[in-house]
1. Would you mind telling me which numbered condition in (1) at pLDDT below 95; (2) under 18 Å from B:L129 (Cβ atoms) A:E11 fails?
2. In this structure, does B:F97 turn out to be of a type outside the set (D, E), out of contact with any strand residue (DSSP E or B) (no Cβ under 7 Å at 6 or more places or on another chain), facing chain A (nearest Cβ under 9 Å) and at negative phi?
3. Please verify whether segment B:110-126 includes one or more residues that are closer than 27 Å to B:I204 by Cβ, among the charged types (D, E, K, R), more than 10 Å from chain A (Cβ to nearest Cβ) and buried (at least 16 other Cβ atoms within 10 Å of the Cβ).
4. Considering only strands (runs of 3 or more DSSP E) fully contained in segment B:189-287, which possess at least 1 residues that are outside the structural domain of B:I168 (by TED's automatic domain parsing)?
5. May I ask you to verify whether A:L86 is hydrophobic (A, V, I, L, M, F, W, C) and surrounded by fewer than 23 Cβ atoms within 10 Å (Cβ to Cβ)?
6. Can you confirm whether B:V228 is β-branched (V, I, T) and touching a strand residue (DSSP E or B) at 6+ places or on another chain (Cβ under 6 Å)?
7. Output the residue which, of all residues in segment A:182-240 that are among the acidic types (D, E) and at pLDDT below 90, is surrounded by the most Cβ atoms within 10 Å (Cβ to Cβ).
Amino acid sequence: MKNIWLIARRELAAYLRTMSGYIIIAVMLFIDGLLFNAFAIPGTAKKSSEILADFFMLTSGITMVGAVFLSMRLIAEERQTGTLALLYSSPVHDLEIVLGKFLAALLFLCLFFTATLYMPALVAAYGKVSLGHIFSGYLGLLLVGATGLAIGTFGSALSKSQVLAAVLSGVMTLALTTAWLLGKITDRPLTDIVNGLAWWGHFEAFRTGVIHLKHVSYFVLVSFIALFSATRVLEARRWR
Amino acid sequence: MIQVEGLTKFYGERAAIRDLSFTIEKGEVIGFLGLNGAGKSTTLKVLGCVLLPTSGRVRIDGYDVTRDPHEIRKRIGFLPDTPPLYDEMTVQAYLRFVAELRGVAPGELQRRVDEAMARTALSDRRGELISSLSHGYRQRVGVAQALVHGPRLLILDEPTSGLDPVQIVEMRELIRQLKGEHTVLVSSHILGEISQICDRYLVIQQGEIIARGTEAELSTQLGSSGAVELEVRGDAQLAVSALKAVAGVSDVTIAHLEGGLAALRVVTAGELRAELVRALVAANVDVLRVDRSAARLENIFLQLTHGKA
């Protein structure tokens, strides 16, 4: 536990002290605000809750893409600069390395979530929305972010360069996003499984203000698998 | 302290090291020599618990690298060939992080960090960002992180690489000071950089140990090195014939002759310095100087590595 926090603290400090993290968040905020203006707000006789639901949908997509870029450096950069040898030669478990890095990225991503709060606040100021709806949406965003970062950590563990890490994680998240396309050409039992893989299908309930355990478990499970795989990759790299 | 038996490491199809065996006693300073790509770094990474061996047994302080790597990691300090530094941290913050990571108790943290900085002459740079340091200072921070938690074994992979002559002397002095307190394993591909500070040397070539021993032992492993240089006063010809009469002497040459003083070079099989002096004294020739013509370590190294290449 202590080691996880130690690694997370250093990683978070690195995020806060270098420009790349801020730039990624700034770009995410810019696009989010733009899309909010262009797609969520317009429309005739739209209910406040509908605007809010649209906001969460747009933000979830941006979170997923942003997570790929935020997490690409986590392990690949350490491998690139040779600092991974420091962690490898210290009395720290590989799982602690992975969890520490993941936690730091998640905390940094929360900076983005905090900065988006003005949009639901605007909707609340000019319309009528429930706090529960906002909470449910942000819980969903946090889960989407965690899943994206976990996949990104896995991609980063596999790669020597950050670019390659971003490409790998991008492909993996894209596969999870477009799984339903495969559902169109498969038969019945398989269709349900393939459709169930798509992450936004599970986000659907959150954005409309409903928290469902089965959807929470989907995100937790995917994150767990990705982080577990990242740990195994780190372990395996000691053999070659 | 370290027992290595039949250590082999494959990268895919290629064996980086094969069937290495050696032991290192507590408190020794061992020089690990080899050209680039000979397998030094791989061996040190296995000892540093960064890589796992393909086969063979490595025990450090009684613990096995594959079974109890954590126990070993607590006891070693490892400087890889590129110092593992986080550029965005200050020297002090970085060393604190490493010390905590290696399990130094919170109460001792600052004292250990101060001590490591003092030993590596970094105290006045403690607040500087690592990214702003010169190569020599970065290398020092690398050594400081290896010793900050007071490990029993220090593994330094090419600590002198890329340093200027003054810095090399400083680094050697530092390693010399570490002796006794720590067991030190230091590698280099340039012999001169680590000569005189090591108790013993292991010479590695294409993944195999081709020679081992002290500087003197290494030189006697080579035929050419049983040479002795003498300076005598008296009849040079008489001295030559007296020396040739000693059993085991294969050749005597007069290297220099001036004003009754003669410099002689004698090639012998084995250690015969005492016999040579006795023969000269018996022949009534004064002996002013006896030197083992130590083939410079550099030459030994070159001969060893070229002979097998």
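The values are calculated or read from the model by the stated rules, or taken from the named source; none is laboratory data. The structure displayed is predicted, hence computed values, not measured ones. Every residue, glycine as well, gets a Cβ built from its backbone with ideal geometry; the counts of neighbours run over all protein chains shown.
1. Result: A:E11 passes all but (1).
2. Yes; evaluated as a whole, the condition is true for this residue.
3. No: segment B:110-126 contains no residue that is closer than 27 Å to B:I204 by Cβ, among the charged types (D, E, K, R), more than 10 Å from chain A (Cβ to nearest Cβ) and buried (at least 16 other Cβ atoms within 10 Å of the Cβ).
4. B:227-233, B:249-258, B:261-268
5. Here the answer is no, as A:L86 does not meet what is asked.
6. Answer is yes for this residue.
7. My answer is A:D192.
Residues checked against (1) free of Cβ contacts under 8 Å to residues at least 24 places away in the same chain; (2) more than 10 Å from every other protein chain (Cβ to nearest Cβ):
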residue	(1), (2)
B:G39	no, yes
B:D61	no, yes
B:P69	yes, no
B:R75	no, no
B:Y86	no, no
